[in-house]
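In what follows, a structure is listed as C-alpha cells, so that the remarks can point back to it.
Read-outs: derived from the displayed coordinates by stated rules, not from any lab. Keep in mind that what you see is a predicted model, and the values were worked out from it rather than measured. Cβ coordinates were reconstructed from backbone atoms using ideal geometry, including for glycine residues, and neighbour counts include every protein chain displayed.
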Amino acid sequence: MPRDKEFEKILQEAEDPKNIGQGSWTLPRNATSLQKAKYELCKQILIHKQDKKLSTEEVAERINLSNSETKDILFYHIDYFTLDRLITYASRLFSNSKVKVIIEPNKVEKHARF
C-alpha cells in the first residue's frame with residue numbers, strides 16, 4: 001500500500017495546474033556528450049531525492065537553490081544549466097562522494113540480417 005500512496009502523490013503533483021508545462025524533458029536523438037553529462041547529473045540528483053525520500057524543498061535547501069530552479073533540475077531541463085553549475089549542485093548534495101567523468105567507447109549496434 002505505501003507504493004500506491006506514493007504513486008498517488010506523484011500523480012497529484014503531475015496533475016497540479018501549477019505544474020502544467022513542467023514535464024520532464026528527454027534527450028534529443030543525437031544528444032551531444034555535454035547534453036548527456038548534464039542529463040546524467042539531473043538523473044542522479046532525482047534518484048538521490050527519491051532514494052532518500054526528500055521533498056523538493058529539502059533538495060533545494062541542500063543545494064542552495066530556489067524550489068523553481070530545483071524543479072528544473074528534477075525535470076531534466078538541462079538547457080537551463082551549465083555543466084559546471086550542475087556539478088556544483090551535485091557536489092553539495094553528495095558531499096561525501098566525488099563526481100567523476102567516465103569516457104566509454106560507443107557501442108556498435110548490430111542488426112539482424114535475414
Extending each Cα 7 Å along its Cβ direction at Thr56 and Ser68, get the distance between those two points in nm, one decimal.
1.2
Tell me the trypsin sites (Lys or Arg not before Pro) within the stretch 30-64 that lie in a loop according to DSSP and have at most 10 other beta-carbon atoms within 10 Å.
Lys53
Each label sits 7 Å from Cα toward the beta-carbon; between Arg85 and Asn106 the label points are separated, in nm, by 2.9
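Which of rounded, prolate, oblate describes the stretch 23-114, given a ≥ b ≥ c as roots of the alpha-carbon gyration tensor eigenvalues and a/c under 1.5 marking rounded, otherwise prolate only if a/b is larger than b/c? Each step should come with its number before you reach the end.
Details: a/c = 2.18, a/b = 1.91, b/c = 1.14.
Prolate.
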